[in-house]
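Okay, so here's the structure we're looking at.
Derivation of every value follows stated rules applied to the coordinates shown; laboratory data play no part. From a predicted model like this one, the values you see are computed outputs, not experimental measurements. Note: ideal-geometry Cβ built from the backbone for every residue, glycine included; neighbour counts use all protein chains shown.
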Amino acid sequence: MNDYLLSLLLGIVEGLTEFLPVSSTAHLRITEALLRLDLHDAFWKMYTIVIQLGAILALPVYFWNRILKFLSTFPAGERGDRNIFTHPVSLTLIAFVVTALPAWLLTKVIGENLENLWVMAWALLIGGIIMWLVDARCRNPRTQRMEEMSLPQAVWIGFAQIASAVFPGTSRSMSTIAAGQLAGLSRSAALEFSFFLSMPTMIVATAYDLLKTLMHRGGGEANLAPLTMTGHNWVVLVIGTVVSFVVALGVVAWFMNWVRARGFAPFAIYRIIVAGLLMWMLMRGVI
């Protein structure tokens with residue numbers, strides 16, 4: 001496939017799936033397998049990381065006003081009932097730390113699962129079932145807005161997000177949304193906190209992966225440097241990053257409106273269907 005068309009396709013897949021609770025990692029890996037692509041050289045490894053950064057930029061752009069309000073009201077909060085430990089900014093950072101430390105310690109396990117389509121299939125299936133059940137049962141939330149969250153709720157959501165780091169296919173969004181609903185958050189509050197938690201989590205994770213990919217440490221599969229960028233490479237990279245950003249921005253705006261009215265059940269069903277198809281293709285040797 002032409003590199004420009006491939007970059008356009010991968011940018012669309014990344015932008016569509018990064019913030020929906022369906023796992024962008026699984027969808028990129030499935031796309032690679034279905035199209036018989038080899039994206040394991042230095043450039044394409046770096047490319048798949050950078051287009052994630054393109055998607056991440058959609059969040060501060062969309063939530064710009066909310067971010068400014070949170071920063072301007074720190075630490076007392078808009079109503080004056082928050083403190084340095086319970087302000088939304090603090091809760092986001094606390095949940096990030098709860099996720100980041102165990103995920104870093106489990107780096108080897110994460111690496112072993114990252115390319116395993118069977119792990120992704122089971123993660124899609126189990127995550128879909130969990131999301132469906134949680135969305136159906138958690139109909140009377142006690143926390144309607146992100147500004148009303150408590151410290152235990154944030155810690156629990158950060159802990160639940162570890163599963164998405166260890167088992168690709170689980171999805172960061174699915175983990176945080178389902179955990180938030182179980183902790184008493186409304187659908188919109190759980191989704192919004194999921195988006196805010198994604199910002200530090202994804203920025204640090206992608207920056208770490210990018211440095212690991214580009215820095216030469218003398219051998220090993222992850223040590224892909226030196227990487228020489230040609231004019232062609234730069235155009236391919238820019239296409240994927242811009243497309244990922246634009247598509248992700250549209251998805252975030254649409255998803256916020258959708259969830260307030262309809263919930264997460266359609267995404268749970270979609271996950272289960274994709275998991276079933278993936279398992280069938282693996283058993284038949286299609287991919």
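General observations
- The chain: relative contact order in percent, alpha carbon pairs under 8 Å with at least 6 residues between: 35
- Integer Hz, Karplus 6.51/-1.76/1.60 couplings in order for region 185-200, x for Gly and Pro: 7, 5, 4, 5, 5, 5, 5, 5, 5, 4, 5, 5, 5, 4, 4, x
- Selection of trypsin sites (Lys or Arg not before Pro), region 144-195, meeting DSSP coil and at most 10 other Cβ within 10 Å: none
- Placing +1 on the Cβ of every Lys and Arg and -1 on the Cβ of every Asp and Glu, with nothing else charged, gives the chain a dipole about its Cα centre of roughly 700 debye.
- In order along region 87-98, the Karplus-derived 3J(HN,Hα) couplings, from 6.51 cos²θ - 1.76 cosθ + 1.60 at θ = phi - 60°, round to 5, x, 5, 5, 4, 5, 5, 5, 4, 4, 5, 4 Hz, and Gly and Pro are given as x.
- Think of the chain as having a plus end and a minus end, set by charges on the Cβ of Lys, Arg, Asp and Glu; of ILE157, ALA26, VAL235, ILE157 sits farthest toward the positive end of this dipole.
- Phi to ³J(HN,Hα) by Karplus 6.51 cos²θ - 1.76 cosθ + 1.60 over region 4-21, Hz, x for Gly, Pro: 5, 5, 4, 5, 4, 5, 5, x, 5, 4, 4, x, 6, 9, 4, 10, 7, x
- Here the extension length gained between ARG139 and LEU277 equals 46.6 nm, from 0.36 nm per residue of separation less the Cα-Cα distance.
- Mean ellipticity per residue at 222 nm, deg cm²/dmol - from DSSP H runs of n ≥ 4 across the chain, formula -39500 (n - 2.57): -23500 deg cm²/dmol
- Total formal charge among the other residues, if their Cβ is under 13 angstrom from that of SER194, Lys/Arg +1 and Asp/Glu -1: 0
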